[in-house]
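The values are calculated or read from the model by the stated rules, or taken from the named source; none is laboratory data. Remember, it's a predicted structure, so these values are computed and weren't measured experimentally. When we count neighbours, we look across all protein chains shown, and the Cβ atoms used for this are built from the backbone with ideal geometry, even at glycine. Just the protein is used for accessible areas: all its heavy atoms, side chains included, with ligands, DNA and RNA removed. Shrake-Rupley method; radii C 1.70, N 1.55, O 1.52, S 1.80 Å.
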Amino acid sequence: MASLDRLSTHSLWSILGLAMRSAEKLGMHRDGVTLGLSTVETEDRRRVWWQLQHIDLCLGVLAGLTPMTLMADWDAKIPSNIEDDDLNSVLVGPPTEHVGSTSLWYCRYTYWVLDHQRKIFQAEQGRFALTWQANTSLAPGFRESVISQLEKGLNQNFIQYCDPLKPMDILVQLSARFLVAGFQMRVLHASVFSGEKQNVKEEHRTAIRDASVQCLKYHIAIITQPILENFRWYLRGMFSWHACKSNISYPEDRWSKSF
Amino acid sequence: MTHREACEPCARRKVRCDKQEPCSNCRRRKKDRCIYPAVSPADRIKRLEALVRKLGADPNELHVPSNELRSEHTSSPASTPAGASVEQDRQHAVTFLEIRSKDPVVLEENGQPFYLESYVQNPYEAVVHAELCRRAWQGWLGINNNEGVSEATSSRNPFLLRDRPHALSSIIGGQAAVSLLAREPSPQYADALWNTYRLRVEPLVRISYRWALDQLRARSVDVEQRQHLSATEQAFVCSVYLISVHSLPDEECQSTFDVPKPMLLNHYHVLCEEALMRTNILCIADIMVIKAIILYTVY
């Protein structure tokens, strides 16, 4: 994130809150269809609202907070999978969505991941906190099932349509795999968040190491992919420090145990 | 042709009318006839009140519980009571079943949109009733109150109507409108910045329509036209320039703009902040300012 080089995370958090409140005042948290707005306006509002949610979560991850709005009662849908040219001012009713990738692909993928987690946690009457992967108080196997549902959904909705010749498709594919690997690693290595030194079994350690290596590999692939050169400024923020740390810390554990 | 006031069905439902012919709401609800009033709402209220009296009912009795209203064919809680149904009004009547009382709505006030979670449950309806009762009473007493009722006061929440300055307005906003982009960047550089935005930023952000960006681009590249950009448009354009500079690799920035990247970045950072402060940032009415904040905050 560019502005993080220059500005404090907390002040950015507040400024974004300002933008969110204003968006709420304009009713952007409600779907345009409920409000009876035109298709053009509906899609515009959806795109901006979801981008705000996405940034809010990113800032939250960096500031260690979960934004409150994420689990609140709003119903704006994720933007339709269309191109801008599919819309015009006389269109009545929802536009026909494309089946494959569009220029909105990357944004839709990020919003989909957010929305999916939101829905799962709402159904469970729980709260989607950004540290859910480390939340050991959740029912056993629940976190793993969330990840497998996510993976399945990503395959079905996005990865199967990815065309390796298109930059955005490659970005979505690699990002999706990176994301899943990251989730798996964090679930396995809950002590990264909880700060307690857990008794981690040997098979666990291997699994964690494999997951962290996967994470790092995907990140390297994203950063070095020549077709994604234009987006490198944005993608360098995706580095997973947890993956790096996991790889470094475990050899130490094995050392101390053997002594 | 665009009209200044909302069309009759939209005014009745008190929703935002885009004032086209026909407007988008009327096009959606095919039953409505999108007609624009030739007579002011104030006169209309007086005529309806007179008619109510002629029919033997009392315009003072305006309070009708909302669940009764739902079964009656009235168009708004603040107009004539259910008992004395006005025949002319029935021609364009719409049942409340169509507008369920819990439905959210986007209203318009002085050209600015705002959202209400539930229109009918608005607690300030009581104030509106009281105001109309007072006028009817004065009419009965023969006191001719010629003070025009603006469409706003006859139907809106008084707390939203109050014309007060915004919070922190002694520090934020209020500066004279000035073109921050008067001379810099040159058309050639401006064009390069927009190209960068389209190539490196918009595919990841996707918050604007291509045609809107093209239009704004044309108006901000041209030295003459950019003098006429509004404060909100300037804020957005500055944020576009800021994020575009950031997305450039150092060498490309140096070769395209002949300026080292940190310097250019700092310049646009300051410019963007200045532009944002000139919009009413504590009372944002335009989506474009929200988009500007998105580009400023994150990228």
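Criterion first (within 10 Å of another protein chain (Cβ to nearest Cβ) and at positive phi) does A:GLY64 satisfy it? So A:GLY64 fails the test. What number goes with the only condition from (1) closer than 28 Å to B:ILE171 by Cβ; (2) in a loop (DSSP other than H, G, I, E, B) that B:MET288 does not pass? Exception for B:MET288: condition (2). Among the residues that make up the range A:71-81, is at least one of them farther than 30 Å from B:ARG28 by Cα and touching a helix residue (DSSP H, G or I) at 6+ places or on another chain (Cβ under 8 Å)? Within the range A:71-81, one or more residues are farther than 30 Å from B:ARG28 by Cα and touching a helix residue (DSSP H, G or I) at 6+ places or on another chain (Cβ under 8 Å). Taking the residues in the range A:79-92 that are modelled with pLDDT of 85 or more and open to solvent by less than 30 Å² (accessible area, probe 1.4 Å) as candidates, determine which candidate is nearest to the other protein chains (Cβ to nearest Cβ). In this case the residue turns out to be A:ASP84. Scanning the range A:65-74 for residues that are part of a loop (DSSP other than H, G, I, E, B) and open to solvent by 60 Å² or more (accessible area, probe 1.4 Å) gives A:LEU65, A:ASP73. Here B:VAL223 clears all of (1) buried (at least 18 other Cβ atoms within 10 Å of the Cβ); (2) in contact (Cβ under 8 Å) with a residue 24 or more places away in the chain; (3) in contact with a helix residue (DSSP H, G or I) (Cβ under 7 Å, 6 or more places away or on another chain) except the condition numbered (1). Condition first: open to solvent by less than 20 Å² (accessible area, probe 1.4 Å) and at pLDDT below 75. Now tell me which residues in the range A:108-128 satisfy that. The answer is A:PHE128, and nothing else.
Restricting the range B:271-283 to residues that are in a helix (DSSP H, G or I) and within 11 Å of another protein chain (Cβ to nearest Cβ), which is nearest to B:SER169 (Cα to Cα)? Before you say what the answer is, go through the steps one by one.
As a first pass, look at the range B:271-283 and keep what is in a helix (DSSP H, G or I): B:271-277.
Checking which are within 11 Å of another protein chain (Cβ to nearest Cβ) leaves us with B:272-273, B:276.
Working: B:CYS272: 19, B:GLU273: 16, B:LEU276: 14 Å.
Only one residue tops the list, namely B:LEU276.
Among the residues of the range B:284-295, which ones are more than 8 Å from every other protein chain (Cβ to nearest Cβ) and open to solvent by less than 40 Å² (accessible area, probe 1.4 Å)?
Narrowing the range B:284-295 to residues more than 8 Å from every other protein chain (Cβ to nearest Cβ): B:286, B:288, B:292, B:295.
Listed by number, the residues that qualify are B:ALA292, B:LEU295.
Take the residues of the range A:8-57 that are open to solvent by 30 Å² or more (accessible area, probe 1.4 Å), touching a residue at least 24 places away in the same chain (Cβ under 8 Å) and not in a helix (DSSP H, G or I): which is farthest from A:LEU114 (Cα to Cα)? Among those residues, the one meeting the criterion is A:SER38. A Cβ distance below 8 Å, combined with a sequence gap of six or more or placement on separate chains, defines the contacts here; from the range A:130-152, residues that are over 17 Å from A:PHE178 (Cα atoms) and free of Cβ contacts under 8 Å to residues at least 24 places away in the same chain reach residues that are open to solvent by 60 Å² or more (accessible area, probe 1.4 Å) and assigned to a loop (DSSP other than H, G, I, E, B) in the pairs A:PHE142/A:GLU124.
Taken over the range B:230-250, residues that are open to solvent by 10 Å² or more (accessible area, probe 1.4 Å) and either part of a loop (DSSP other than H, G, I, E, B) or modelled with pLDDT of 95 or more (or both) amount to 2.
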